[in-house]
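Chemist: Pasting in a structure now, in structure tokens, and then I'll have a few things to ask.
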Amino acid sequence: MAAAMEEGFGEANWSTDRVHSLSRRSESARVIPITTSNPTSEEDGADYIATSAADWGGGELNPQDAWLPLTESRNGNTISATLHLLCSGIGIQALLLPVALATLGWAWGIICLSLAFSWQLYTIWLLIHLHESDSGTRYSRYLDLAMTAFGQKLGKFSSLVPVMYLAAGTCVQLIIIGGGTLKLFITTVCRDGATCDAKSLTTVECFLVFMIMAVVVAQFPNLNSLAWVSLIGSITAIAYCTMIWALSIGKSRSSDISYDPPEMESNMDRFGGILNSLGIIVLAFRGHNVILEIQGTLPLSPKHPTHKPMWRGVAISYLLIAMCLFPLAIAGFWAYGNKVPSSNGGLLIAISKFHGHDTPRIVLGLIFILVIINCLSTFQIYGMVIFDKLESNYTSKKKKPCARWLRMAFRVFFGGMTFFAAVAVPFLGSLAPLIGGLTLPLAYAYPCFMWIAIKKPKPKGVMWCANMGIGCLGLVLSALLVVAAAWNLASKGLHANFFKP
């Protein structure tokens with residue numbers, strides 16, 4: 001999916017103009033004030049790009065940024081950043097955390113969860129402080145920072161496909177989860193056909209309904225304008241997480257619950273199970289590929305750098321994320337032990353399976369609605385990365401901003417592509433450990449190497465050794481997770497139900 005979209009988005013044209021701008025980092029660089037208003041004609045737009053680019057010595061903005069949805073509005077604040085971080089950081093993947101504890105056990109499960117939380121929080125701190133260079137340049141896209149740190153070729157090779165997958169692939173997965181949850185909601189409300197026709201909508205039709213709703217909401221012009229959407233997404237995420245773990249401990253436990261690790265046929269299977277559990281934990285924390293994009297919505301001035309309000313937003317949001325994820329993992333494992341379904345949904349499926357008969361349907365229906373709304377809201381943040389890529393390719397060629405109708409067309413096109421992918425590859429969640437292992441360095445390794453390449457700390461000093469060690473550990477962990485996921489797929493097989501969601 002990511003490779004196909006890479007070709008469709010015209011990567012070469014997009015990257016060339018931007019890299020030329022990013023490469024001019026001289027000591028004489030200065031901040032050029034750039035208006036966010038659009039030129040009124042194609043000729044004005046061409047003159048605007050030409051004159052601004054000629055005077056621009058590595059300043060705050062690429063002049064083209066004033067036209068793109070990630071950077072055209074920089075009027076955000078700590079509150080809007082917090083909301084974006086919450087909405088993009090809490091996801092349905094957290095409902096699988098009890099599965100990891102079932103293999104690792106109580107002690108090691110909580111230790112690994114705490115270490116992963118601290119690790120990704122540190123790499124977020126690195127990214128936030130790399131957003132602004134000493135010359136005044138702002139890196140409002142992960143790929144821009146990667147190409148600056150590693151060079152154009154290595155930066156694109158290491159980050160382009162992972163970044164595009166984490167954006168487009170997440171949107172595909174959200175359609176699968178949101179559409180599947182809509183199907184569960186219909187089944188619950190219809191009481192399995194007792195009160196209405198539970199088969200009135202097929203799974204494909206549920207995917208289509210979700211996609212249409214997502215495309216309608218996606219008509220907001222830029223990331224900064226999504227603050228209210230992120231507010232709704234944050235509230236719904238916290239609400240359904242709290243309701244799920246509260247229901248898990250509020251209902252009686254089954255008498256045959258076991259907290260012992262599942263029996264494995266061989267040591268290799270046991271080792272693979274441990275690595276897959278670690279993969280579930282490290283992949284439960286997401287959003288690194290939109291950290292710089294969210295920070296790019298904040299205003300910058302010489303006296304007010306963006307890393308201070310952004311870090312306040314991270315501190316608030318990740319405190320709330322921890323208050324959601326840790327209770328989910330602990331309460332879910334306590335309630336269901338090693339019986340938590342390892343399929344998509346995790347605790348969501350467990351509640352329907354074990355407590356569907358003694359839980360009011362209105363409560364179950366409310367949880368399903370909250371999940372659907374949260375998926376719709378999260379779709380907008382990750383989708384904005386792709387919208388920005390599409391518009392960047394267009395504005396690089398035409399030297400003018402996208403018309404409103406063209407923006408709408410880009411969003412409809414992307415919605416159609418993700419819907420097709422969701423229907424064609426509904427088992428994408430089964431490949432998440434494998435693909436997640438390949439994209440893991442974006443969150444756990446690359447920020448450390450970027451810090452060394454850009455900040456140039458003293459060789460063999462504390463920061464140099466710490467970042468080199470953590471970065472290398474992240475690469476090793478990524479390789480081990482890929483091997484474990486491949487081994488698991490080879491030993492257990494893959495139910496590849498193409499076009500049969």
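The values are calculated or read from the model by the stated rules, or taken from the named source; none is laboratory data. The structure presented is a predicted model; accordingly, all values stated were derived computationally and were not measured. Please note: Cβ atoms are built from the backbone with ideal geometry, for glycine as well, and neighbour counts cover all protein chains shown. The protein model used for the area step is the full one, side chains on, heavy atoms only, and it has no ligands, DNA or RNA in it. Shrake-Rupley method; radii C 1.70, N 1.55, O 1.52, S 1.80 Å.
Chemist: Going by Cα centres, the stretch 423-487 and the stretch 208-277 are how many Å apart?
Modeler: 22
Chemist: Return the subset of Lys251/Lys353; Lys353/Lys500; Lys251/Lys339 for which the Cα-Cα distance in this structure is over 19 Å, preserving the input order.
Modeler: Cα-Cα > 19 Å for Lys353/Lys500; rest within.
Chemist: So if we plug the beta-carbon distance of Ala479 and Phe427 into 1/(1 + (r/R0)^6) with R0 = 30 Å, what FRET efficiency do we get, rounded to 0.05?
Modeler: Result of the calculation: an efficiency of 0.80.
Chemist: Right, next: Work out the FRET efficiency for Met408 and Ala322 from their Cβ-Cβ distance, taking R0 = 51 Å, and round it to the nearest 0.05.
Modeler: For R0 = 51 Å, the calculated efficiency reads 0.85.
Chemist: What's the longest uninterrupted piece of the chain once you rule out the GluC sites (Glu not before Pro) that are loop residues per DSSP with at most 10 other Cβ within 10 Å?
Modeler: Between the exposed loop sites, the longest stretch runs 266-501.
Chemist: Let me ask you something else. So what's the convex hull volume per residue for the Cα atoms of the stretch 271-410, in Å³?
Modeler: Per-residue hull volume (Cα only) is 197 Å³.
Chemist: Right, here's the next one. Using θ = phi - 60° and the Karplus relation 6.51 cos²θ - 1.76 cosθ + 1.60, list the HN-Hα couplings for the stretch 138-150 in order, rounded to whole Hz, with x at every Gly or Pro.
Modeler: Computed from phi, the couplings for the stretch 138-150 are 9, 9, 9, 9, 4, 5, 4, 5, 5, 6, 5, 6, 9 Hz.
Chemist: Okay, next question. In square nanometres, what is the average projected area of the Cα convex hull of the stretch 192-311?
Modeler: Reported value for the Cα convex hull: 14.6 nm².
Chemist: Are there trypsin sites (Lys or Arg not before Pro) in the stretch 276-359 that DSSP puts in a loop and that have at most 10 other Cβ atoms within 10 Å, and which ones?
Modeler: Lys303
Chemist: If you check each cysteine of the chain for another cysteine whose beta-carbon is under 4.7 Å away, which ones come up empty?
Modeler: Cys87, Cys112, Cys171, Cys206, Cys375, Cys402, Cys448, Cys465, Cys472
Chemist: Using 1/(1 + (r/R0)^6) with R0 = 51 angstrom and r between the beta carbons of Ser254 and Ile79, what's the FRET efficiency to the nearest 0.05?
Modeler: FRET efficiency, Ser254 to Ile79: 0.75.
Chemist: Once you've got the Cα coordinates, tell me which of Lys400/Lys455; Lys397/Lys456; Lys156/Lys456 are over 27 Å apart.
Modeler: Correct reply: Lys400/Lys455; Lys397/Lys456.
Chemist: Is the C-alpha gyration tensor of the stretch 372-476 telling us rounded, prolate or oblate? Criteria: a/c under 1.5 is rounded; beyond that, a/b larger than b/c is prolate, otherwise oblate.
Modeler: Judged from the Cα gyration tensor, the stretch 372-476 comes out oblate (a/c at least 1.5, b/c at or above a/b).
Chemist: Given points 7 Å out from each Cα along the Cα-Cβ axis, report the Ile232 to Val363 separation in nanometres with one decimal.
Modeler: Roughly 2.6 nm, to one decimal.
Chemist: Put a dot 7 Å past each Cα toward the Cβ at Phe157 and Cys196; how far apart are the dots in nm?
Modeler: In this crude label model, Cys196 to Phe157 measures out at 5.5 nm.
Chemist: Also, I was wondering about something else. How much length is gained on full extension from Ile110 to Val204, taking 0.36 nm per residue of separation minus their Cα-Cα distance?
Modeler: 30.0 nm
Chemist: For the pair Ala490 and Ser118, how long in nm is the line joining their label points, each one 7 Å along Cα→Cβ?
Modeler: Reported label-point gap for Ala490 and Ser118 is 3.5 nm.
Chemist: From largest accessible area down, sort Thr202, Thr181; use a 1.4 Å probe on the protein chains.
Modeler: Accessible-area ranking of Thr202, Thr181, largest first: Thr202, Thr181.
Chemist: Taking the Cα of Asp269, stepping 7 Å toward and past its beta carbon, and measuring to each backbone N in the stretch 474-501: which are under 17 Å?
Modeler: 484-494
Chemist: Follow-up. Might you report the magnitude of the Cβ-based charge dipole of the chain about its Cα centre, with Lys and Arg at +1 and Asp and Glu at -1, to the nearest 20 debye?
Modeler: The calculated dipole for the chain is roughly 440 debye.
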